[in-house]
C-alpha cells in the first residue's frame with residue numbers, strides 16, 4: 001500500500017478512536033462514559049468486518065499528527081476604522097480553519113500570552129513555548145487597512161527553534177472587505193496546513209456546492225467550506241439535484257426535472273449561465289466528473305433501463321459501460337487514477353455498492369446487503385465513503401449512516417451513529433474531511449449539511465435545514 | 001362527466017336494441033304465414049303480404065327502398081304512404097326511425113306486414129370503435145386507465161397491476177388518439193438519486209406492459225419523478241404505498 005504524503009506515523013482505525021477518546025477524556029471527564037460506550041460500539045461494529053486489521057489508516061493519520069499550534073491574535077497595523085472589524089473576522093476565521101484541519105492540537109485562546117506580536121522582532125518565543133501555551137508552532141502577524149486596501153503580514157514560527165524560528169512569512173494585499181479578510185485568513189491557514197501536514201494542501205479555500213429548497217423548487221447553491229458565504233448559483237425555478245463541480249472549478253454538472261424527466265444540465269461558473277449538454281432521451285441524472293475533466297459518467301435510461309453512460313462534457317461521444325437490468329446510478333470516479341468507477345446498482349434487489357474499471361469491465365460488488373447509496377471516492381483512491389442502511393427493510397429499525405470502506409479489502413468503519421438519517425457523503429480535497437447531509441428526524445426537507453473528519457470526529461453543521469446533496473470542490 | 005358517460009352507454013344500448021329489432025323485422029318476411037289471418041266465411045283465402053326495406057338502417061337524410069309483395073289482395077296500403085299497388089317499390093326518406101306497416105285486404109280477410117327502418121341521427125355515436133381524434137375526458141380516462149402500485153423497492157408488476165394494465169390497454173386501443181404520460185413515483189425513504197432510477201424502472205415496466213398489449217410505444221411518454229413529487233407526506237405504510245406508483249394521465 002503506498003504511503004500517503006510525508007506520513008510520519010501510521011495509526012490503525014482502532015487507534016484513531018482510542019487516541020480520540022483519550023484526548024477527550026483528558027479534557028472532559030464527564031463525557032468519558034458516553035464516549036467509551038460509543039467507541040466500543042464502533043469497535044464492535046467494525047470488528048467483525050475488520051478482521052486482522054493492520055493497515056487501515058485514514059487521511060487524518062497522514063502527516064504529522066496533533067502538532068501543538070498557537071494562533072496569536074493579529075496586531076492592528078493602522079488606525080483605520082475598519083481595521084478592528086476585519087481583524088476580528090480574520091482572527092476568528094484563522095483559528096477556526098486551523099482547528100477544523102484535524103491535524104493540530106490548537107492552543108486555546110485563553111491560554112495564549114497577552115502580547116500580540118506583529119512581527120518577527122516583536123515575538124518572545126519563550127512565552128509561547130512554555131506552559132500553559134506549550135506551543136510547538138506559533139502563527140502571528142499584523143493586519144491593517146490602508147487606502148481601502150487590506151494588508152496582512154503573516155508569520156509561522158517554530159517555537160522550539162530559537163536560532164532560526166521562522167518557517168515562512170507571507171504578505172497579502174486585497175481590496176478591504178470583510179469577505180476578503182476571511183479569504184486571506186483561509187489562504188494563510190492553507191499555507192500553514194500545507195507546510196505542517198507533509199505537503200497536503202489545506203481546504204480552507206475550497207467550496208461546497210449543494211441543493212437548497214425554496215418555493216417548491218430546488219436550486220444549486222455554493223458556500224465556503226466552513227459554511228460562510230452561502231449564495232445561489234442557479235435560478236431555474238425547477239427541481240435541480242446532484243450538483244457536481246468540475247475538477248477545474250469552471251462548470252457544475254447537475255440534473256433538473258423538466259417535461260421529459262430529469263436531464264443533465266451544465267452551468268458555467270465562468271459565463272454565469274447554462275451551456276449546452278446534449279440529451280438523447282430517457283432520464284439522465286447523477287453526473288460525475290472524471291479527474292481529467294474530459295469525461296462525465298452518469299445514469300441514463302436512453303435505452304429503456306437506467307445504465308451508466310460516459311460522455312464528453314458536452315454530452316457527446318456517448319457510450320454505455322453497464323448492461324444489466326435494474327437501476328444503475330450515482331457513479332463516482334477514482335480521482336487518483338481515473339481508471340475505476342464506483343456506483344450503485346439495484347441489479348440484485350436492494351441497491352448495493354459496486355466498482356468497475358472505467359471501461360465497464362471487472363465488476364465487483366462491495367457491499368454484502370442492506371441499502372447502499374451515494375458513493376464518493378477518496379482523493380488518494382484508497383477509500384469509498386457512502387451511505388448505508390445495513391438493516392434496511394419494512395419495519396426494520398435500521399438507520400442510514402455514513403460509512404468508509406477500504407477498496408482493496410472491503411473492510412469498513414461506520415462514521416455516524418444515532419443522529420438521524422445521513423446521506424450524500426462527499427470527500428474533501430485533502431481527504432481528511434467528509435461533508436454529508438443529515439436529517440435529525442429522518443424527514444427529507446429537514447436535511448442540513450454537516451462536515452466531519454474522516455474518523456467521524458469533529459462533526460458540525462454548516463447550513464440550516466432545507467439543504468441537501470453537498471459536493472466538495474476538487475481543490 | 002359521469003352523467004355524460006351514462007348517456008353515452010344508454011344510447012349505445014338503444015342503438016343495439018334497435019339494430020336487433022330491425023334484424024328481426026327483416027326476418028319476419030320469411031315468416032310469411034300471417035298470424036292475424038281470420039277464419040274466412042267464404043272460401044277466398046286471405047292475402048299474403050311481405051315488405052322489406054333496403055337498407056334497413058340509414059343515416060339521417062339518406063333514403064331507403066321499400067319493396068313489398070302481396071298475393072290475392074284487393075287493396076294494399078302502407079301507413080304514412082297510403083294506397084299502393086299490390087306489388088311495388090318505393091323510395092322513402094324518413095326523418096326518424098319508422099315502422100312501415102303494410103295492410104293487405106281481400107274478401108277473405110286482412111294480412112299485415114311490418115318493416116322497421118332505423119334512422120341514425122347524428123347525436124347518437126355511430127359506434128364506440130370510431131373515436132379517432134377523440135381524446136376523451138379525464139374522468140373516463142382515469143376510470144379506465146387506473147394507476148398501478150408497486151411493492152417495496154420493486155418495479156415488478158403485481159397481479160393487480162397486470163389486471164389494471166389489461167383494462168387500460170383495451171381502453172387505449174379503442175381510443176388511438178389518446179397520448180399518455182406515465183409518471184414513476186417512489187416513497188420518500190431511500191436515496192433521492194436511486195429512487196429516480198427506481199421510478200424510471202416502474203414507469204417503464206408499465207410502458208412495456210402496455211406496448212405488449214398493443215398500445216403503440218410512441219403514444220407513451222415516461223417521466224420518473226423519484227421521490228421529488230409526493231402524493232402523501234405522512235410516514236405511514238399506507239402513505240408510502242400510495243407514493244410507490246405508476247401514474248397514468250392524458251398527455252395533452
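The values are calculated or read from the model by the stated rules, or taken from the named source; none is laboratory data. This one's a predicted model, so the numbers in the text were calculated from it and none came from an experiment. Don't worry about glycine lacking a Cβ; one is built from the backbone with ideal geometry, like all the others, and counts go over all protein chains shown.
Scanning the range A:69-84 for residues that are modelled with pLDDT of 95 or more and surrounded by fewer than 18 Cβ atoms within 10 Å (Cβ to Cβ) yields one hit, A:76. Set side by side, the residues A:235, A:231 differ, and just one is touching a residue at least 12 places away in the same chain (Cβ under 8 Å) and either under 18 Å from the mean Cα position of the chain (by Cα) or surrounded by fewer than 19 Cβ atoms within 10 Å (Cβ to Cβ) (or both), which is A:235. Here's a check for you: in the range A:273-296, which residue that is in contact with a strand residue (DSSP E or B) (Cβ under 7 Å, 6 or more places away or on another chain) and within 13 Å of chain B (Cβ to nearest Cβ) is surrounded by the fewest Cβ atoms within 10 Å (Cβ to Cβ)? Within the range A:273-296, the match that is surrounded by the fewest Cβ atoms within 10 Å (Cβ to Cβ) is A:282.
Strands (runs of 3 or more DSSP E) fully within the range A:392-475 that include at least 1 residues being within 14 Å of chain B (Cβ to nearest Cβ) and at pLDDT 95 or above: A:401-406, A:421-427, A:433-439, A:467-472. Go through the range A:197-228 residue by residue and tally those that are within 19 Å of the chain's Cα centre (by Cα) and not in a strand (DSSP E or B). Number satisfying all stated conditions: 14. Annotation: of all residues in the range A:368-377 being crowded, with 21+ Cβ neighbours inside 10 Å and free of Cβ contacts under 8 Å to residues at least 40 places away in the same chain, the one that is farthest from residue A:406 (Cα to Cα) is A:371. Taking the range B:204-239 as the range and being buried (at least 18 other Cβ atoms within 10 Å of the Cβ), within 9 Å of chain A (Cβ to nearest Cβ) and either free of Cβ contacts under 8 Å to residues at least 12 places away in the same chain or not in a loop (DSSP other than H, G, I, E, B) (or both) as the test, the residues that pass are B:204, B:207, B:222, B:223, B:224, B:225, B:226. Residue selection: residue A:142 fails the criterion of being modelled with pLDDT under 95 and either in a loop (DSSP other than H, G, I, E, B) or over 27 Å from the mean Cα position of the chain (by Cα) (or both).
Of the residues B:141, B:155, the single one that is surrounded by 13 or more Cβ atoms within 10 Å (Cβ to Cβ), out of contact with any strand residue (DSSP E or B) (no Cβ under 8 Å at 6 or more places or on another chain) and at pLDDT 85 or above is B:155. Only one of the listed residues (A:135, A:189, A:131) is outside the structural domain of residue A:451 (by TED's automatic domain parsing), closer than 22 Å to residue A:105 by Cα and in a helix (DSSP H, G or I). That residue is A:189. For the range B:240-249, a residue qualifies if it is within 15 Å of residue B:156 (Cα to Cα) and in a helix (DSSP H, G or I), and exactly one does: B:241. In the range A:417-426, the qualifying residues are those that are crowded, with 24+ Cβ neighbours inside 10 Å and touching a helix residue (DSSP H, G or I) at 6+ places or on another chain (Cβ under 9 Å), and the one that is farthest from residue A:289 (Cα to Cα) is A:423.
For (1) assigned by TED's automatic domain parsing to the domain that holds residue A:96; (2) touching a helix residue (DSSP H, G or I) at 6+ places or on another chain (Cβ under 7 Å); (3) surrounded by fewer than 21 Cβ atoms within 10 Å (Cβ to Cβ); (4) more than 17 Å from residue A:73 (Cα to Cα), each residue gets a yes or a no:
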residue: A:156; (1), (2), (3), (4): yes, yes, no, no
residue: A:165; (1), (2), (3), (4): yes, yes, yes, yes
residue: A:168; (1), (2), (3), (4): yes, yes, yes, yes
residue: A:178; (1), (2), (3), (4): yes, yes, yes, no
residue: A:182; (1), (2), (3), (4): yes, yes, no, no
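Would you call residue B:183 touching a strand residue (DSSP E or B) at 6+ places or on another chain (Cβ under 9 Å), within 13 Å of chain A (Cβ to nearest Cβ) and touching a residue at least 60 places away in the same chain (Cβ under 8 Å)? Here the answer is yes, as residue B:183 does meet what is asked. Within the range A:309-367, the set of residues being out of contact with any helix residue (DSSP H, G or I) (no Cβ under 6 Å at 6 or more places or on another chain), at positive phi and within 11 Å of chain B (Cβ to nearest Cβ) comprises A:326, A:349.
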